[in-house]
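Since the structure comes first, as structure tokens, the remarks are kept for the end.
The values are calculated or read from the model by the stated rules, or taken from the named source; none is laboratory data. None of these values were measured; they are calculated from a predicted model. No Cβ is skipped: glycine too gets one built from the backbone with ideal geometry, and neighbour counts run over all protein chains shown. For accessibility, only protein heavy atoms count, side chains too; no ligands or nucleic acids. Shrake-Rupley method; radii C 1.70, N 1.55, O 1.52, S 1.80 Å.
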Amino acid sequence: MLIIALFAFHLRFVDSSINGMETSLFMLGTIGAVLLLRERRFAWLSVLLGTLVLVRPEGILVIAAVLAVVVALRHRLRIADLLPGAAIVLIWTVCSWLYYGSPIPQSVLSKCGWLVPHSGQNAWARIATLFSALSLLEAPKRLACSHCLEAIIPIVAGASIGLFLIGVRDLWRRRSILCVFPALFVAYLGFYLAAKGRVDFSWYGVPSGLAYLVTCVIGFTWLLRRCTKAEARRRCFAVTLPAVVVALCVGGCTIWTGARLPYCRMMRTSYESAGEYVRLNSAPDARVLVDELGMIGWRADRFTQDLAGIVSPEILSYYRSRDWQVPLWDILREFSPDVVVFCSGRSSLLLSDTGAKWVTDNYKVTAEFPRHVVLEKLEQP
């Protein structure tokens, strides 16, 4: 029940369920894999795991976690059981390589580039940051007592590490198939360390948060069983569950009204408005360059390139050819877009760096929105 309460009321889980992303589908597949493993339906498990790779590339991490548990628990697994999933992954790899030139789409690689390391933190602060991100423990900074909450977060993170370790020990001693969850968390941790050289997850770490919280709850229940009698456990649970629900609801509502709701409104007043402006004030064959694609590109309804390279592998290739040291004005000069839509801060940087004169000679500001600035190419620069 506690796990269900966390999943139903935690803002990150709720937010990821309503924002149109694939996160909830991926977590559903992960839980389904655990259920199929419990029933030892390995052929269907193989199909589901292969499909998860198509939902999110880190489905490979789920496969690694499940196989590790299968081997550790000495389940008998036939090679034939692995063939359906292997066929799905192989077909995707071939198709993706032909289309993207890589088994990993450039959109995934681009989003990985958004993870910025937290510099200047001591070791404990880094650990707190890691487990706050992985277990989705956030300090609601909009609260009046935000400084107190920020001070508590490292303590909560430390306690959660202890509960996590207790949960791992309990699951291993019982040889439970739920060992998949801590194994998945460790797989995420190892992946980020190996691929990025750091452990500061972004909000894309929602599946790892599920794995971490499930293990922590199991550790918490084991601790209750060992330290209290049955009647005391029932009373503790009767108090803990409502308290957790209330805390998650209050914290979620506070963060939503203080941070997420203004952001959603900004999507309408700035992102959507900027895209609409481009659609109404540019030629149908105009080429548009944006820094954040999403709503702007959809509303603009024009050929659009983005700085992150999510839909523009040619921009990523240009970054690589210049060792990733590319000023903004050089991107404009290289790709010569007819319309540029940048956030206000990036536009200020564009008009103040070494290429500012070239930019002002070739582009002019035609519209400003709460967060974005639109520049159009001059007909005769």
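Residues in segment 33-58, backbone N under 16 Å from the label point at Leu77 (7 Å along the Cα-to-beta-carbon vector): list them, ranges by number please.
Hits in segment 33-58 for Leu77 at 16 Å: 33-53.
State the percentage of accessible surface on segment 305-381 attributable to carbon and sulfur atoms; use a 1.4 Å probe and exclude ligands, DNA and RNA. Mind showing how you got there, number by number?
Working: 1970 of 4000 Å².
The C+S portion of the solvent-accessible surface of segment 305-381 is 49 percent.
Give, in whole angstrom and from largest to smallest, the semi-axes √(5λ) of the equivalent ellipsoid of segment 164-274, with λ running over the eigenvalues of the Cα gyration tensor. Walk me through the numbers on the way to the answer.
On the way: eigenvalues 235, 116, 15 Å².
The three semi-axes for segment 164-274 are 34, 24, 9 Å.
Residue-wise, which Karplus ³J(HN,Hα) couplings in Hz belong to segment 12-18, taking 6.51 cos²θ - 1.76 cosθ + 1.60, θ = phi - 60°, and x for glycine or proline?
Working through the residues one at a time gives 4, 5, 5, 4, 5, 7, 10 Hz.
How much of the DSSP bridge set in segment 234-381 is antiparallel, in percent, rounded to the nearest 5?
Values: 10 of 17 bridges.
Of all bridge pairs located within segment 234-381, approximately 60 percent are antiparallel.
Using θ = phi - 60° and the Karplus relation 6.51 cos²θ - 1.76 cosθ + 1.60, list the HN-Hα couplings for segment 214-228 in order, rounded to whole Hz, with x at every Gly or Pro.
Computed from phi, the couplings for segment 214-228 are 4, 5, 5, 5, 4, x, 5, 5, 5, 4, 5, 4, 7, 9, 9 Hz.
Evaluate the distance, in nm, between pseudo-label points positioned 7 Å from the Cα of Met1 and of Ala367 along their respective Cα→Cβ axes.
It works out to 5.4 nm between the two label points.
Along the positive direction of the dipole of segment 185-329 (beta-carbon charges: Lys, Arg +1; Asp, Glu -1; about the Cα centre), which of Leu213, Thr228, Pro327 reaches farthest?
Working it through, the farthest residue towards the positive pole turns out to be Thr228.
Dipole magnitude of segment 1-115 about its Cα centre, charges +1 at Lys/Arg Cβ and -1 at Asp/Glu Cβ only, in debye to the nearest 20? Let's see the in-between values first.
Details: 9 positive and 5 negative charges, 76 e Å.
For segment 1-115, the charge dipole is close to 360 debye.
Thr269 versus Trp44, label points 7 Å from Cα toward the beta carbon: distance in nm?
5.1
Suppose all protein chains stay in the model; what accessible area per residue would a 1.4 Å probe give for segment 226-359, in Å²? Before the final figure, lay out the partial values.
Working: 7230 Å² over 134 residues.
Using a 1.4 Å probe on heavy atoms only, each residue of segment 226-359 averages 54 Å².
Provide the per-residue ³J(HN,Hα) series for segment 365-371, in order, calculated from phi with Karplus coefficients 6.51, -1.76, 1.60 and θ = phi - 60°, each as a whole number of Hz, with x at glycine and proline positions.
With the stated coefficients, segment 365-371 comes to 6, 10, 7, 10, 10, x, 10 Hz.
How far apart, in nanometres, would the label points at Leu261 and Asp285 be if each is projected 7 angstrom from Cα along the Cα-to-Cβ direction?
Between Leu261 and Asp285, the label points sit 4.8 nm apart.
If you roll a 1.4 Å probe over the heavy atoms of the protein chains, what accessible area per residue do you get for segment 59-99, in Å²? Walk me through the intermediate numbers first.
Values: 2760 Å² over 41 residues.
Computed with neighbouring chains in place, this is 67 Å² per residue.
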